[in-house]
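Novice: Pasting a structure here, questions to come.
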Amino acid sequence: MYRRSVFISALRSALILVSILVGTPLRAQQAATIDLVAETQRLMQETAADLAGFPRLLMKRTDVAPVIDGQLGDAVWQDAPAIGALTQVDPIEGAAPTEKTVVRLLYDRDHIYVAIRCFDSEPDLIIATQMVRDANLDPDDRVEMVFDTFLDRRNAFFFQINAVGAKGDALIENSGNFNKQWDGLWHGKAARDDKGWTAEIALPFQTISFDPKNTTWGFNFERFIRRKNEKCQWSSPTRNTGLFQIGEAGLLEAIQDIEQGLGLEFRPFLSLTYRSDQINDRDSLEFDPGADIFYKITPELTAAFTVNTDFAEAEVDERRVNLGRVPLFFPEKRDFFLQDAGIFAFGGIRSDPLPFFSRRIGRGRRGMPVDIIAGAKLTGRVRDLNIGLLDVQLAAQDDIEATNVAVGRLSLNVLEESTVGIIATTGNPRGNDENHLIGADFSFRNSSFLGDQVVTANAWVQKTFSEELSGDDYAYGLRFALPNDIWNFSAGASEVRANYNPALGFTRRFGRSIREYFFRARYRLRPQGRIRTLDFGISGFLITDLDHKLETGTLTFRFLELETNAEDRVELRYQVRGEYLESPFEISRGVVIPRGHYGFSRFELEFSSSPARPISIATEISIGGFYDGTRLDIGLELEWRASKHFFMSLEYEQNQIKLPQGDFTTRIFRARFNYYFTPDVSWTNFIQYDNVSDLAGINSRLRWIIEPGRELFAVVNQGFIVDHGLESASTEISLKIGWNFRF
């Protein structure tokens with residue numbers, strides 16, 4: 001227990017130390033700030049020199065707040081400063097937009113305001129089919145913007161709104177990671193008229209973190225004209241430097257004397273849940289009050305606390321059939337863990353091997369929920385230091401004792417767009433054994449390589465400490481990428497040892513020492529006419545043991561990937577694959593593939609029509625060998641956007657496997673039927689079935705955003721056994737109301 005207590009003490013001491021060093025001094029450090037002010041001024045002068053050449057807007061303060069109704073009728077907008085003209089990125093890079101856009105900004109003590117006028121010469125052709133909060137707005141006319149409130153040229157807050165007022169937001173982390181699950185509290189409305197459409201947005205300073213010493217923020221803006229598939233951008237309007245390249249954003253200047261109040265948010269909630277397990281004949285009724293508390297120690301550093309946490313409103317996972325030898329990866333969807341999740345990102349790793357994967361918290365060995373008694377989190381930035389500390393107490397489950405788990409992450413901004421950092425975790429949510437991890441990483445980025453090219457690189461190392469496991473308990477890796485428009489290349493390698501065991505992380509091949517190698521290269525043509533892009537490429541992936549003996553290897557040739565100006569797409573691929581099974585592999589019940597070497601190849605054809613149409617379709621067909629047999633995969637998807645109020649989609653996936661050891665077919669069916677009463681009231685229904693588990697499920701969710709931060713959810717989850725009919729297996733009905741109070 002000694003090592004565990006040391007790790008917990010270290011993490012908790014770090015939490016206290018940061019609070020003391022960063023909290024109290026920043027509120028009462030009058031006598032000790034002369035050197036800090038001088039250093040800040042010097043850094044600001046250096047930053048100003050580095051930012052020369054970017055477009056900028058001198059902000060204006062207002063004493064009269066506009067009414068956020070989407071109409072732009074307030075007199076205060078008449079003299080508000082406007083950003084310069086946008087420039088076309090697609091379809092013709094560098095050309096003038098086909099339609100004019102005017103964007104004005106103002107601020108007062110509590111909010112920053114944005115007014116947008118999107119002129120359109122054919123207003124009847126504006127496309128606006130989505131109305132629900134956080135919908136996929138790709139099919140619609142929309143505007144998007146980012147605010148780099150720390151001017152660190154790496155991270156930003158993202159906001160979007162379409163022509164009927166559907167809102168979306170996200171966190172842009174490390175100039176590329178897109179955390180769409182984040183939900184901020186803000187106001188936005190839109191309206192259509194005979195000139196096009198308009199929108200108004202009010203962003204409370206209580207919603208966004210910022211550095212109060214900075215009077216200059218990064219800002220960029222994009223407009224999408226859906227029927228033309230046209231994208232226009234304000235700052236750095238090139239295909240290599242899109243909206244998410246925060247280092248290429250323009251500047252908002254003279255933002256000063258803004259406030260966040262006490263910086264305290266109190267979010268109590270009440271949850272009432274009825275559960276019925278018809279298989280085991282068990283019923284229960286649970287009433288769970290709880291609360292989340294957020295306190296901004298400083299405008300850039302937030303402490304969060306959760307008590308008796310409930311995730312009744314979280315969307316269910318999509319069902320998938322696993323035909324491989326490694327576990328599947330599912331993304332996090334719970335708000336408490338998504339808040340500032342990018343601070344915990346490590347080494348540019350997307351899924352494997354992750355030192356910290358928040359879905360491990362609150363889920364048991366078989367994926368069953370485990371009660372979270374309480375949790376605390378400290379996230380934010382102090383000048384160039386990014387801080388993430390998380391501590392959670394889990395209830396007992398089955399034979400596992402009540403457990404405390406914690407993670408600490410520190411990273412330092414270096415160079416212009418790069419970071420260097422460390423991470424540590426402690427605790428094992430799926431066992432009583434001790435488990436700890438430490439790691440270090442370096443992430444390099446340069447958005448002006450050879451003029452206008454982007455280059456990135458990552459290096460990382462991790463080591464775990466587990467009871468009953470010693471030696472061979474580390475992993476390390478490297479990655480290099482040129483993620484640009486015409487030439488796009490990436491390559492990397494990693495080594496994961498057999499006893500590397502991140503109990504709070506994710507790894508697919510625990511118990512085996514492996515080396516992984518990958519590369520991807522793509523070349524793009526941009527012909528004239530109806531075809532927008534033609535891509536050709538090759539990619540490879542190789543896993544070996546430490547003696548370079550093959551375990552898995554693939555080589556994929558992308559013969560053609562074509563996209564039209566209307567955004568219809570077709571792709572043709574050919575893949576060669578090699579596998580070595582060291583032991584027999586049961587791929588389906590009663591179907592066991594013998595150990596040995598296997599080589600096979602496949603052709604893949606994919607087509608999707610433009611989402612700008614009311615009805616869009618997508619299909620994928622893959623045919624070829626599979627171990628010592630054959631495999632035919634078929635995927636079909638139909639989407640119908642009947643109006644801004646109704647959306648429907650149908651999906652079908654089939655894998656037909658024929659092997660000497662036996663034949664089988666897997667099928668998955670998904671359907672969504674969504675009705676949007678207003679942008680704030682929605683009713684979504686998600687139906688799934690797969691023939692492997694022979695289970696069907698319905699997730700029905702009514703969401704009413706009474707006002708931002710005050711919401712009511714009614715959720716029904718119904719499970720069925722599909723055998724010779726529909727037999728009810730489980731029922732769960734939840735009502736949850738949450739109310740946000742800000743001080």
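The values are calculated or read from the model by the stated rules, or taken from the named source; none is laboratory data. Just so we're clear, the structure is a prediction, and the values are computed from it rather than from any experiment. Cβ sites come from the backbone with ideal geometry, for glycine too, and all protein chains shown count toward neighbours. Ligands, DNA and RNA are stripped out before the accessible areas are found, and what is left, the full protein with its side chains, is counted by its heavy atoms. Shrake-Rupley method; radii C 1.70, N 1.55, O 1.52, S 1.80 Å.
Novice: Does residue 411 satisfy the condition of being at pLDDT 90 or above and under 26 Å from residue 442 (Cβ atoms)?
Specialist: Spelling it out, residue 411 is indeed at pLDDT 90 or above and under 26 Å from residue 442 (Cβ atoms).
Novice: Looking at (1) open to solvent by 10 Å² or more (accessible area, probe 1.4 Å); (2) of a type outside the set (Lys, Arg); (3) modelled with pLDDT of 95 or more; (4) on the phi > 0 side of the Ramachandran plot, which is the one condition that is false for residue 196?
Specialist: With respect to (1) open to solvent by 10 Å² or more (accessible area, probe 1.4 Å); (2) of a type outside the set (Lys, Arg); (3) modelled with pLDDT of 95 or more; (4) on the phi > 0 side of the Ramachandran plot, residue 196 is out only on (1).
Novice: Part of a strand (DSSP E or B), surrounded by 14 or more Cβ atoms within 10 Å (Cβ to Cβ), out of contact with any Phe, Trp or Tyr (no Cβ under 8 Å at 6 or more places or on another chain) and in contact (Cβ under 8 Å) with a residue 60 or more places away in the chain: is that true of residue 103 in this structure?
Specialist: So residue 103 does not fit the description; no.
Novice: To continue, here is another question. Here is a check on your reading of the model: is residue 183 among the acidic types (Asp, Glu) and over 27 Å from residue 58 (Cα atoms)?
Specialist: Criteria met by residue 183.
Novice: Okay, moving on. Considering every residue within the range 293-310, establish whether at least one is assigned to a loop (DSSP other than H, G, I, E, B), out of contact with any Pro (no Cβ under 8 Å at 6 or more places or on another chain), β-branched (Val, Ile, Thr) and more than 30 Å from residue 589 (Cβ to Cβ).
Specialist: yes
Novice: Moving on to the next point. Restricting attention to the range 444-451, does a residue exist that is farther than 19 Å from residue 424 by Cβ, out of contact with any helix residue (DSSP H, G or I) (no Cβ under 8 Å at 6 or more places or on another chain) and of a type in the set (D, E, K, R)?
Specialist: Checked the range 444-451: no residue is farther than 19 Å from residue 424 by Cβ, out of contact with any helix residue (DSSP H, G or I) (no Cβ under 8 Å at 6 or more places or on another chain) and of a type in the set (D, E, K, R).
Novice: Read through the list (1) open to solvent by 50 Å² or more (accessible area, probe 1.4 Å); (2) of a type in the set (Ser, Thr, Tyr); (3) part of a strand (DSSP E or B); (4) closer than 30 Å to residue 625 by Cβ, then give the number of the only condition that residue 666 fails.
Specialist: Exception for residue 666: condition (1).
Novice: Turning to a different aspect of this structure: When the range 127-157 is examined, which residues are found to be charged (D, E, K, R) and open to solvent by 10 Å² or more (accessible area, probe 1.4 Å)?
Specialist: Across the range 127-157, the qualifying residues are 133, 134, 138, 142, 144, 152, 153, 154.
Novice: Let me ask something else. Taking the range 164-214 on its own, how many of its residues are outside any loop (DSSP other than H, G, I, E, B), touching a residue at least 60 places away in the same chain (Cβ under 8 Å) and under 18 Å from the mean Cα position of the chain (by Cα)?
Specialist: Adding up the residues that qualify gives 7.
Novice: Follow-up question, since we're still on this one. Where residues in the range 215-231 are over 24 Å from the mean Cα position of the chain (by Cα) and not in a loop (DSSP other than H, G, I, E, B), which of them is surrounded by the fewest Cβ atoms within 10 Å (Cβ to Cβ)?
Specialist: Among them, the one singled out is 227.
Novice: Collect the residues in the range 715-743 that are of a type in the set (A, V, I, L, M, F, W, C), more than 30 Å from residue 296 (Cβ to Cβ) and over 25 Å from the mean Cα position of the chain (by Cα), keeping them in residue-number order.
Specialist: Within the range 715-743, 716, 720, 721, 722, 726, 729, 733, 735 qualify.
Novice: Go through the residues of the range 340-356 one by one and say whether even a single one is basic (Lys, Arg) and buried (at least 19 other Cβ atoms within 10 Å of the Cβ).
Specialist: For the range 340-356, residues basic (Lys, Arg) and buried (at least 19 other Cβ atoms within 10 Å of the Cβ): absent.
Novice: Mind checking which residues of the range 248-272 are closer than 30 Å to residue 55 by Cβ and open to solvent by 10 Å² or more (accessible area, probe 1.4 Å)?
Specialist: 248, 253, 254, 256, 257, 258, 259, 260
Residues checked against (1) in contact with a Lys or Arg (Cβ under 6 Å, 6 or more places away or on another chain); (2) of a type in the set (Asp, Glu); (3) at pLDDT 90 or above:
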| position | (1), (2), (3) |
| --- | --- |
| 508 | no, no, no |
| 511 | no, no, no |
| 514 | no, no, yes |
| 519 | no, no, yes |
| 522 | no, no, yes |
| 528 | no, no, no |
| 539 | yes, no, yes |
| 545 | no, yes, yes |
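Novice: Could you list, in sequence order, all residues of the range 441-457 that are polar (S, T, N, Q) and buried (at least 22 other Cβ atoms within 10 Å of the Cβ)?
Specialist: 443, 456
Novice: For residues that are closer than 30 Å to residue 531 by Cα, in a loop (DSSP other than H, G, I, E, B), open to solvent by less than 40 Å² (accessible area, probe 1.4 Å) and of a type in the set (Asp, Glu), tally how many sit in the range 65-100.
Specialist: 1
A quick yes/no check of all residues on (1) basic (Lys, Arg); (2) buried (at least 17 other Cβ atoms within 10 Å of the Cβ); (3) assigned to a strand (DSSP E or B); (4) touching a Lys or Arg at 6+ places or on another chain (Cβ under 8 Å):
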{"residue": "607", "(1), (2), (3), (4)": "no, no, yes, yes"}
{"residue": "635", "(1), (2), (3), (4)": "no, no, yes, no"}
{"residue": "644", "(1), (2), (3), (4)": "yes, yes, no, no"}
{"residue": "674", "(1), (2), (3), (4)": "no, yes, yes, no"}
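Novice: Let me ask something else. Residue 554 is checked against (1) modelled with pLDDT of 95 or more; (2) surrounded by 15 or more Cβ atoms within 10 Å (Cβ to Cβ); (3) more than 30 Å from residue 497 (Cβ to Cβ) and fails just one. What number does that condition carry?
Specialist: Among (1) modelled with pLDDT of 95 or more; (2) surrounded by 15 or more Cβ atoms within 10 Å (Cβ to Cβ); (3) more than 30 Å from residue 497 (Cβ to Cβ), the lone unmet condition for residue 554 is (3).
Novice: Follow-up question, since we're still on this one. So which residues in the range 385-407 are under 18 Å from residue 504 (Cα atoms), in contact (Cβ under 8 Å) with a residue 60 or more places away in the chain and open to solvent by less than 10 Å² (accessible area, probe 1.4 Å), if there are any at all?
Specialist: Of everything in the range 385-407, those that are under 18 Å from residue 504 (Cα atoms), in contact (Cβ under 8 Å) with a residue 60 or more places away in the chain and open to solvent by less than 10 Å² (accessible area, probe 1.4 Å) turn out to be 405, 406, 407.
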